[in-house]
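**Student:** Got a structure for you, written out below as structure tokens; questions coming shortly.
What follows is calculated from the coordinates using simple rules that are stated; it is not laboratory data. If you're wondering where the values come from, they're calculated on a predicted model, not measured in any experiment. Cβ atoms come from the backbone with ideal geometry, glycine included; neighbour counts cover every protein chain shown.
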Amino acid sequence: MLLTPFLLQGGPVLIDRLERLVPLDRLLPGFRPSGITAGEQPLADHVIIAGYGLNGRNLSAALRSIAAPYLIVELNAQTVRQARSNGEPAFYGDATREEILHALGIERARMLVAAISDPAATRRMVRIARGINPGVHIIARTRYVVEIPELLRLGANDVIPEEFETSIEIFARVLAHYGVAPGETDRLVEQIRASHYQAFRGGAPGSDSLRLGAVAGLPQMAMGRIRLAGASDLVGKTLAESGLRTRTGALVLSISRGSDHIGSPDPEFELAAGDVLVIVGQPRQLEAARELANGQGGGGAVAAPQHRNS
């Protein structure tokens with residue numbers, strides 16, 4: 001465990017030294033991206049998918065369904081071998097290295113999608129790719145919303161934080177259930193993303209950036225925050241045990257704890273004093289949630305003012 005971070009950091013160098021003794025293509029035929037253009041027309045206007053986890057697999061399936069050209073680059077040799085056996089254009093390589101990106105045709109690519117989970121590697125990849133091709137569209141995945149500004153500064157066009165995108169989907173489905181027009185839902189979703197998901201993040205009560213009252217056809221719908229105090233009856237209970245959803249009808253979209261923001265928390269997530277819950281529902285449901293958080297003694301929660309239609 002102690003050696004793992006150093007091995008990960010020095011992996012590309014170790015591979016290069018090993019390849020001087022035993023060519024990698026002899027062990028893993030066709031895995032090097034340098035073989036992409038051999039004997040064929042160089043690929044252009046394509047998508048480069050860096051990382052072949054769940055997101056990478058889903059993206060490749062979507063691109064294949066519309067006959068869009070793409071290449072996959074992945075550092076896990078076994079994953080590459082399996083992908084290639086399934087007919088995928090997958091290659092072994094480190095997409096944070098300039099020569100690998102050149103071999104993948106980054107200068108001719110339409111788009112680069114960084115679908116890996118390593119924040120430092122994602123930042124390096126974005127920076128190097130933008131330096132090679134100022135016009136390529138770069139989409140970066142990140143686990144945390146705090147990574148968004150730096151990735152945008154380094155050259156990413158779009159940054160998708162996985163911790164809140166699930167909340168976005170739930171939120172959109174809630175609006176659909178209330179009969180909100182798709183166009184209105186899209187507008188609100190874009191508003192949330194443009195604010196770097198501030199509506200789902202903890203902050204001072206009353207700082208909501210999303211005003212549901214502005215949505216046509218959505219009467220009596222609101223979003224607010226509840227901050228749990230130490231005296232709250234909900235402290236120490238899981239979300240499922242708290243009864244917030246089953247007893248009040250309010251939906252918990254996200255929870256902030258200190259600097260951590262948890263989108264779409266699991267039912268087994270245990271609540272603690274100081275947690276800020278972002279909830280959505282009708283005003284009476286939000287009021288019931290506040291009362292439940294306050295408990296019999298009251299004073300257990302502080303909620304933000306709600307925005308709704310008159």
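**Student:** Measuring from the lowest to the highest alpha carbon on each principal axis, how far does the range 139-190 reach, largest first, in angstroms?
**Tutor:** Each principal axis gives a Cα extent; for the range 139-190 these are 40, 18, 14 Å.
**Student:** What are the ³J(HN,Hα) values, in whole Hz, obtained from phi via the Karplus relation 6.51 cos²θ - 1.76 cosθ + 1.60 with θ = phi - 60°, for each residue of the range 104-121 in sequence order, with x given for Gly and Pro?
**Tutor:** Values, residue by residue: 7, x, 4, 5, 10, 6, 7, 8, 10, 10, 8, 10, 9, 9, 8, x, 5, 5 Hz.
**Student:** What is the spin-label model distance, in nm, from residue 102 to residue 143 if the labels are put 7 Å beyond Cα along the C-beta direction?
**Tutor:** Simple spin-label model gives 3.3 nm for this pair.
**Student:** Starting with the highest mean, order 88-96, 242-250 by the number of other Cβ atoms within 10 Å, averaged over the residues of each peptide. Could you put the intermediate results ahead of the total?
**Tutor:** Numbers: 88-96: 22.4, 242-250: 18.2.
Going from most to least packed, we get 88-96, 242-250.
**Student:** What shape does the range 67-108 take by its C-alpha gyration tensor, where a ≥ b ≥ c are the square roots of the eigenvalues and a/c under 1.5 counts as rounded, a/b above b/c as prolate, and the rest as oblate? Show your work: numbers first, answer last.
**Tutor:** Numbers: a/c = 3.46, a/b = 1.27, b/c = 2.71.
Oblate shape, in that a/c is at least 1.5 and b/c is the bigger or equal ratio.
**Student:** Give the long-range amide H neighbours of residue 48: residues separated by 5 or more places, or on another chain, with amide H under 5 Å away, using H modelled in the peptide plane at 1.01 Å from N.
**Tutor:** 71, 111, 112, 113
**Student:** Along the Cα→Cβ direction, 7 angstrom out, place labels at residue 273 and residue 240. What is the inter-label distance in nm?
**Tutor:** Spacing of the two 7 Å Cα→Cβ label points: 2.7 nm.
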